[in-house]
Amino acid sequence: MEILRKTLKVYVLALCAFAALSLILAAVIRFTGFPETWTFAGLVAALSLVSLLTGAMEGGIIGKRGMIVGAAAAAILVLIILLLVGGVFAGSFGMDSFSAFYIIPVVFGSLGGAFGVNLSK
């Protein structure tokens, strides 16, 4: 039960961090000369950073199989964010909402999981 409580706390922190990074990116796009065409790349970079931290925290909580745990945590985080955004902004949500670029945050989550397991030892 303790692992579940810590895991839920990690996901709440990750969603808050992603929301904060998204708002910062929106402010940068709105008030600077940052090109709007790079918005998706900025969101993938923010999601990759949050996935790295999520994987590290989950790897520290679980304590073994860091790359698998980190990749799974990042995949779940990407899925949660896509479901939330798809439910709010899209009229219909389907498989066309997924992109191959979402593999990048999963890879970062895997690296974070390996780092988190090694920190917990």
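Taking 7 Å along the Cα-to-C-beta vector as the label spot, tell me the Glu36-Leu49 distance in nanometres, rounded to one decimal.
That separation, rounded to one decimal, is 2.3 nm.
Per residue, what accessible area does the chain have, given a 1.4 Å probe and all protein chains present, in Å²?
62
Rg over Rh of the chain, using C-alpha atoms and the Kirkwood radius, what does it come to?
We get a ratio of 1.02 for the chain.
If r is the Cβ-Cβ distance from Glu2 to Ile80 and R0 is 22 Å, what FRET efficiency results, to the nearest 0.05?
That gives a FRET efficiency of 0.50.
What is the distance, in nm, between label points placed 7 Å from the Cα along the Cα-to-Cβ direction at Val28 and at Cys16?
In this crude spin-label approximation the distance works out to 2.2 nm.
So what are the ³J(HN,Hα) numbers for the stretch 27-34, from phi and the Karplus equation (6.51, -1.76, 1.60; θ = phi - 60°), rounded to whole Hz, Gly and Pro as x?
Running phi through 6.51 cos²θ - 1.76 cosθ + 1.60 with θ = phi - 60° gives 5, 5, 5, 6, 9, 10, x, 4 Hz.
The values are calculated or read from the model by the stated rules, or taken from the named source; none is laboratory data. All values derive from a computational prediction rather than experimental measurement. Virtual Cβ from ideal backbone geometry, glycine too; neighbours counted across all protein chains shown. What goes into the accessible areas is simple: the full protein's heavy atoms, side chains included, and nothing from ligands, DNA or RNA. Shrake-Rupley method; radii C 1.70, N 1.55, O 1.52, S 1.80 Å.
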